[in-house]
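Asks: The structure is given below, and queries will be raised subsequently.
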Amino acid sequence: MKSKEYLEELRRAPGLVRVVLRKIEVEKNVITFRLVTDVTYSPQDVEYARGVSQKYVPQGFSADVRVMKSVPDKEAVRKAVAQILKDRFPGVAAFVDPEDIVVEIDGGGGRFYVSVGQLERERMTGDGVLDAVSAELAKSFCGTWFGEVRFIDKARGEIEQEAPPEAEYIAAPRFFPIEHYEPIDGAKPSRAIYLADLVKEISGVTVCGTVSYIEERATKTGKPYFSVSVADATGQMRCSYFSKKATVEKVRGIKQGDSICLTGDNEIFNGALSFRAKQIDYGRPPEGFVPEERPSRPVPAQYRVAFPSPAADLVQGTLFQGKPLPQEVIDQDFVVFDLETTGLNNSPTMGTMDHIIELGAVKIHGGRITEKLSSFVACPVRLSEEIIGITGITDDMLVGAPAVGDVLADFYKFSAGCALVGHNVQFDYKFIRYYGEKEGFFFDQKLYDTMVMAQRTLRLPHNRLNDLVDYFGFTFHHHRAFDDAFATAKIFLELARIAQSIS
């Protein structure tokens, strides 16, 4: 049945000017149309509606009409708005509490207002959310409905007392002794810094590791130099070494798998930390060397810039919903997280490290989504047009955002005691590991990857996040951190149900 044309024809009657079709019932060969109007109607209006309805039923059926007068109620409309958001836009609904919805009724319908924080403005105003809610309201309530967004400073809970300032954290670099030294340049180093601790400017320091790549090149003037990558038990690094005439042949003898020492300066070059090797020799860590663990800073006493709030997966019902979750999911807490960044470089050894610009996370407790955490992150560089196009995040949206160290301190508190989950989790994990360690927060939890779980469980042609969202019939705003994290959490639970395991 063409409902739009049907309603347009019904609304020609004086008592049905804003009528809505609430329900259609079929019993034997009678089709009953249950209509709702918000103005006084007459028997003539009902008879007119019966005649119109008869035109829209199949041959052999008769039409009956039941009309009820119902003036929209603020509370009913408010509940309807909340339900529509939960059903159609769960990523938005997670940030909207019942008291955030206000409804005003007028003679021809009404307006609804949804209050959100500044960080959620893009979610609420994008993807036609307001128009979609208005259209759904018009199906159940008489009149025309309009929606507006109000931006507010959302309450983040009361702090009983001001938190004491955190002591400045200065991570002392770790070193290990060098054994089996053989000179090339003759630097004679006795110890080497852990590559993982080479995170600030330092002069006259030695690194020691296994050669994973070495290639001889030449400057524009023909002078030979070597591009070298080395790795120890904590990290890897690439640098350039300019050889000397007296030692160039010995350096040419270095091959992949050899253990060498590079002595030089870790300094800022073109805006990024870069190791400038001045001397090269043979040497290796002690036999059976095990890196010394460095304790993390304690979990912060209080949240400072990013505050968790309740969240729930309010849209249920997939093909696999009836299956129980494995006990290991119910017994363990998880934090599912996602980042938006300025680019793809998540390793400082590969050039200038890209920056985190948004973090989103949800917590799973007892097999259910229970909390959310979301924040923009201040960025020291301008965003590229490509990143703006992908994420919808602009430079203006990051003005006044908290520093990455403050956001990760709150994320460290939020994820304490939880396993971490992500889609292609290693990509985002390397960012939080790098920037977290600079502040003394070591994210060393067990990791679960929904991409790997999907590859093992579903055997789909592709296992990108949007492929899995489509497979399970979810909806989300891709390339925004919270929405991606929320969708990943739902996918994680569904994959656990299907496989009956997460290991």
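The values are calculated or read from the model by the stated rules, or taken from the named source; none is laboratory data. Remember, it's a predicted structure, so these values are computed and weren't measured experimentally. With ideal geometry, Cβ positions are generated from the backbone for all residues, glycine too; neighbour counts draw on all protein chains shown. Just the protein is used for accessible areas: all its heavy atoms, side chains included, with ligands, DNA and RNA removed. Shrake-Rupley method; radii C 1.70, N 1.55, O 1.52, S 1.80 Å.
Asks: Which aspartates and glutamates have a Cα less than 16 Å from the Cα of K223, not counting those fewer than 8 places away in the same chain?
Replies: E215, E249
Asks: Working only with C-alpha atoms, what are the Rg and Dmax values of segment 320-379, expressed in angstrom?
Replies: That works out to 16.3, 48 Å for Rg and Dmax.
Asks: Additional query: Please list, in order along segment 460-469, the HN-Hα scalar couplings obtained from phi with the Karplus expression 6.51 cos²θ - 1.76 cosθ + 1.60 (θ = phi - 60°), rounded to whole Hz, x for Gly and Pro.
Replies: Ordered by residue, 3J(HN,Hα) equals 7, x, 9, 10, 5, 4, 5, 5, 6, 4 Hz.
Asks: Oh, and also: Among DSSP bridges having both ends in the chain, what percentage is antiparallel? Round to the nearest 5.
Replies: 75 percent
Asks: Which distance in nm do the two modelled labels at R276 and F472 give, with both placed 7 Å along the Cα-to-Cβ direction?
Replies: Between R276 and F472, the simple spin-label model gives 5.1 nm.
Asks: Another question, if that's okay. Any idea of Y213's accessible area? Nearest 10 Å², probe 1.4 Å.
Replies: 70 Å²
Asks: For the cross-link pairs K23/K86; K372/K430; K86/K372; K245/K278, which exceed 19 Å when the distance is taken from alpha carbon to alpha carbon?
Replies: In this structure, K23/K86; K372/K430 lie more than 19 Å apart at Cα.
Asks: Can you give the helix-only mean residue ellipticity at 222 nm for the chain, where every DSSP H stretch with n ≥ 4 adds -39500 (n - 2.57) and the sum goes over all residues, rounded to the nearest 500 deg cm²/dmol?
Replies: Working: 14 runs with 134 residues, N = 503.
It lands at -7500 deg cm²/dmol.
Asks: Now, a different point. By its C-alpha gyration tensor, with a ≥ b ≥ c as the square roots of the eigenvalues, how is segment 172-282 shaped: rounded for a/c under 1.5, else prolate for a/b larger than b/c, else oblate?
Replies: Oblate, since a/c reaches 1.5 and b/c is not below a/b.
Asks: Pulled fully out, how much extra length does the chain show between I202 and R111, if you take 0.36 nm times their separation in residues and subtract their Cα-Cα distance?
Replies: My answer for the length gained is 26.6 nm.
Asks: How compact and how long is segment 1-52, expressed as Rg and Dmax of its alpha-carbon atoms in Å?
Replies: 10.8, 32
Asks: For A233 and I498, compute 0.36 nm times the residue count separating them, minus their Cα-Cα distance, and round to one decimal in nm. Before the final figure, lay out the partial values.
Replies: Working: separation 265, 0.36 × 265 = 95.40 nm, distance 3.70 nm.
Here the answer is 91.7 nm.
Asks: Of T40, T394, which has the most accessible area and how do the rest follow, probe 1.4 Å?
Replies: T40, T394
Asks: State, as an integer percentage, the relative contact order of the chain based on alpha-carbon contacts under 8 Å between residues 6 or more apart.
Replies: 11 percent
Asks: Of all chymotrypsin sites (Phe, Trp or Tyr not before Pro) in segment 237-305, which ones are in loop regions per DSSP and have a Cβ with at most 15 other Cβ atoms within 10 Å?
Replies: Those that pass, being in a loop and sparsely packed, are F289.
Asks: Out of the DSSP beta bridges found with both residues in segment 356-478, what percent are antiparallel (nearest 5)?
Replies: Antiparallel bridges: around 75 percent, rounded to the nearest 5.
Asks: Moving on. Using 7 Å Cα-to-Cβ label points, what is the R11/D444 separation (nm, one decimal)?
Replies: 6.6 nm
Asks: When all protein chains stay in place, what accessible area (Å², nearest 10, 1.4 Å probe) is found for T457?
Replies: 40 Å²
Asks: Follow-up question, since we're still on this one. Highest first, please rank the peptides 111-117, 449-455 by the mean number of other Cβ atoms sitting within 10 Å of their residues.
Replies: Top to bottom by mean Cβ count within 10 Å: 449-455, 111-117.
Asks: Take C261, C379 and sort them by solvent-accessible surface of the protein heavy atoms, 1.4 Å probe, largest at the top.
Replies: C379, C261
Asks: Follow-up. Using a 1.4 Å probe on the protein heavy atoms, what percent of the accessible area of the chain belongs to carbon and sulfur?
Replies: C and S atoms contribute 51 percent here.
Asks: Hey, another quick one. What's the FRET efficiency of V26 with T370 using the Cβ-Cβ distance as r and R₀ = 41 Å, to the nearest 0.05? Can you show the working numbers first?
Replies: Numbers: r = 42 Å, r/R0 = 1.03.
For V26 and T370, the calculated efficiency is 0.45.
Asks: Based on the Cβ-Cβ distance from T219 to S347, what FRET efficiency comes out when R0 is 35 Å, to the nearest 0.05?
Replies: 0.85
Asks: How long are the semi-axes of the equivalent ellipsoid of the chain, defined as square roots of 5 times the Cα gyration tensor eigenvalues? Whole Å, largest first.
Replies: For the chain, the semi-axes come out at 62, 23, 21 Å.
Asks: For segment 371-503, restrict the atom set to alpha-carbon positions and state the Rg and Dmax in Å.
Replies: 15.9, 45
Asks: Hey, rough spin-label estimate for K74 and A246, points 7 angstrom out along Cα→Cβ, what's it come to in nanometres?
Replies: 8.9 nm
Asks: Which length gain, in nm to one decimal place, applies between A301 and V102 when the Cα-Cα distance is subtracted from 0.36 nm times their residue separation?
Replies: Using 0.36 nm per residue and subtracting the Cα-Cα distance, I get 68.1 nm.
Asks: So which of K79/K323; K363/K413; K323/K446; K200/K250; K28/K139 end up more than 20 Å apart by C-alpha?
Replies: K79/K323; K323/K446; K200/K250; K28/K139
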